[in-house]
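Below is one structure, written out as structure tokens, with a few remarks after it.
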């Protein structure tokens, strides 16, 4: 596996070693020993999967302490534009976003430590998105920042994404009081 720093402390792109032959392919998506050796020392408590049509935008979601989540995200089928916003006040990247295309073809992954709001836009129909979470979902700890916040100015590459009613009610970044330092 190849672990690539992103310029955001703790946020890491991961490219697994893929073994292919005439039968198909194989790769490890998680190994406690390998991840720990690369500074990712978390226990996962919950796995999630979503299936979405093209142009579905989910996010920007997070959970506040004590249910803050780190996430290891990847795509099993299709492609997404994955976006995170740093909500850690003490970081020079606070209020900035990072985006990457994740795809089933590349099998690339993104490690998102606690302290980031996360969202993604599906780029193909029937996209299957997987994420391992370090804490279980807790409704009272859930928060959302609006996907099209004018101060964040995220270029999603899609003018009219499909958004849930809940995500339409998310707050502006300047209204969000972060508990992350």
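Okay, residues lined up against (1) outside any loop (DSSP other than H, G, I, E, B); (2) without any contact (Cβ under 8 Å) to a residue 60 or more places away in the chain:
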| site | (1), (2) |
| --- | --- |
| 4 | yes, yes |
| 20 | yes, yes |
| 29 | no, no |
| 58 | yes, no |
| 66 | no, no |
| 69 | no, no |
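Per-residue answers, yes or no, for (1) surrounded by 12 or more Cβ atoms within 10 Å (Cβ to Cβ); (2) closer than 24 Å to residue 169 by Cβ; (3) touching a helix residue (DSSP H, G or I) at 6+ places or on another chain (Cβ under 8 Å):
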position	(1), (2), (3)
1	yes, no, yes
12	yes, no, no
17	no, no, no
34	yes, no, no
38	yes, no, no
45	yes, no, no
57	yes, yes, yes
85	yes, yes, yes
90	no, no, no
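Which of the residues that make up segment 35-50 are free of Cβ contacts under 8 Å to residues at least 60 places away in the same chain and either farther than 17 Å from residue 134 by Cα or in a loop (DSSP other than H, G, I, E, B) (or both)?
Hits for segment 35-50 are 37, 38, 39, 41.
Being in a loop (DSSP other than H, G, I, E, B) and more than 19 Å from residue 158 (Cβ to Cβ) is the requirement here; does residue 54 meet it?
No, not satisfied.
Among (1) over 16 Å from residue 57 (Cβ atoms); (2) within 18 Å of the chain's Cα centre (by Cα); (3) surrounded by fewer than 18 Cβ atoms within 10 Å (Cβ to Cβ), where does residue 133 come up short?
The number of the failed condition is (3).
Could you look through segment 6-18, keep only residues that are assigned to a strand (DSSP E or B) and over 22 Å from residue 135 (Cβ atoms), and pick out the one that is farthest from the chain's Cα centre (by Cα)?
For segment 6-18, the residue satisfying everything is 15.
Laboratory data are not the source of any read-out in this text; all were calculated from the coordinates shown. As the structure is a prediction and not an experimental result, all values here were calculated from the model. Counting neighbours? That spans all protein chains shown, and the Cβs are built from the backbone with ideal geometry, glycine included.
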